[in-house]
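The values are calculated or read from the model by the stated rules, or taken from the named source; none is laboratory data. All of these numbers come straight from a predicted model, not from anything done at the bench. Quick reminder, even Gly has a Cβ in these numbers, built from the backbone with ideal geometry, and neighbours come from all protein chains shown. These area figures cover heavy atoms from the full protein model, side chains too; ligands, DNA and RNA do not enter into them. Shrake-Rupley method; radii C 1.70, N 1.55, O 1.52, S 1.80 Å.
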Amino acid sequence: FRGADREVRALDAFDLKIRSGEFLSIVGPSGCGKSTLLRIVAGLLRPSGGTVTIAGSRVERPQTAIGFVFQSPTLLEWRSVLDNVMLQIEMRGLEPAAYLDRARSLLASVGLAEFENAYPRELSGGMRQRTAIIRGLIHDPPLLLMDEPFGALDALTREQMRIDLETLWLTSHKTVIFVTHSVDEAVLLSDRVVVMSPRPGRIERIIEIDLPRPRGIEARDAASFTQATRAITEIFLARGVLKRGAG
């Protein structure tokens, strides 16, 4: 990125292959290029070097066969929950009638069956984010990009959203790239966790997560959860991203 008086390199030497159907999380400090990476994968930003390929095709323009979920739900206040989900279909020029049953089924799977006619102002933060996730899935994309979608939620809602997302993923088998600042969240959701360095973002380590699924509340008690979170934390301590307390 070039500004008036300086140049910022967001990413450098980032080489990664993602398996089809994998849930992969990317965790790292603020400003290390996590969101930039997602936008490059989506074709919304052109990289200054290197290439991205999806299913063997080089990404050179904005991709349409993906879903993208942002930190903010960005719902249209004048449209109901169902209509916000169906906006994805309308924008793609698809036939809405062919997707109504799927929309209602997906909404029911995240506990929003009774709220399809509600408006965003009538929803909690978690309900709004569930709506945004369903909007990202309604057109059945093979790849779902998620840019810190739970970052603005309270701790209890965030934990339930994490459980709900895993349930959705287990039934849909999508490839997911999930960006987060939460080490616990990354470990509990993922098949692998990519740990990034401070800017310019590089891969410090890729950690395989050996936790049986589904991973409910009790998954935090597993020794493999503790080992994985400790390994990631130690990387951030070594790089100065985290500092040990005075005690």
Which of the following residues is within 24 Å of Thr53 (Cα to Cα), touching a Gly at 6+ places or on another chain (Cβ under 6 Å), in contact (Cβ under 8 Å) with a residue 60 or more places away in the chain and open to solvent by less than 70 Å² (accessible area, probe 1.4 Å): Leu137, Leu145?
Leu137
Region 171-231: strands (runs of 3 or more DSSP E) wholly inside it with 3 or more residues that are farther than 26 Å from Leu106 by Cβ and either touching a residue at least 24 places away in the same chain (Cβ under 8 Å) or over 17 Å from the mean Cα position of the chain (by Cα) (or both) are 192-196, 203-208
Out of all the residues in region 56-71, which are touching a residue at least 40 places away in the same chain (Cβ under 8 Å) and either open to solvent by 80 Å² or more (accessible area, probe 1.4 Å) or of a type in the set (Gly, Ala, Ser) (or both)?
Ala65, Gly67, Gln71
Does at least one position in region 80-95 carry a residue that is out of contact with any Leu (no Cβ under 9 Å at 6 or more places or on another chain), among the aliphatic types (A, V, I, L, M) and modelled with pLDDT under 95?
yes
Kindly evaluate Leu153 against the criterion of being surrounded by fewer than 20 Cβ atoms within 10 Å (Cβ to Cβ), in contact (Cβ under 8 Å) with a residue 40 or more places away in the chain and within 18 Å of the chain's Cα centre (by Cα).
no
Conditions (1) out of contact with any helix residue (DSSP H, G or I) (no Cβ under 8 Å at 6 or more places or on another chain); (2) without any contact (Cβ under 8 Å) to a residue 12 or more places away in the chain -> Leu45 fails only (1)
Reported set for region 159-170 where residues are under 13 Å from the mean Cα position of the chain (by Cα) and either surrounded by fewer than 17 Cβ atoms within 10 Å (Cβ to Cβ) or within 14 Å of Arg220 (Cβ to Cβ) (or both) is Arg162, Glu166
Which one of the conditions (1) under 20 Å from the mean Cα position of the chain (by Cα); (2) over 27 Å from Arg39 (Cα atoms); (3) at pLDDT 95 or above does Leu145 fail to meet, given that it meets all the rest?
(2)
Expected single match for surrounded by fewer than 17 Cβ atoms within 10 Å (Cβ to Cβ) and modelled with pLDDT of 90 or more among Thr53, Thr36 is Thr53
Here are Arg199, Arg244, Arg239: which of them is over 30 Å from Thr167 (Cβ atoms), open to solvent by 80 Å² or more (accessible area, probe 1.4 Å) and touching a Cys at 6+ places or on another chain (Cβ under 9 Å)?
Arg199
I need the full set of residues from region 207-228 which are over 19 Å from Glu22 (Cβ atoms) and open to solvent by 20 Å² or more (accessible area, probe 1.4 Å), in order please.
Ile217, Glu218, Arg220, Asp221, Ala222, Ala223, Thr226, Gln227
Taking region 171-196 and keeping only residues that are surrounded by fewer than 17 Cβ atoms within 10 Å (Cβ to Cβ) and closer than 15 Å to Leu37 by Cα, one is left with His181
Counting just the residues of region 72-130 that are touching a residue at least 40 places away in the same chain (Cβ under 8 Å) and of a type in the set (Lys, Arg), which one comes out least open to solvent (accessible area, probe 1.4 Å)?
Arg79
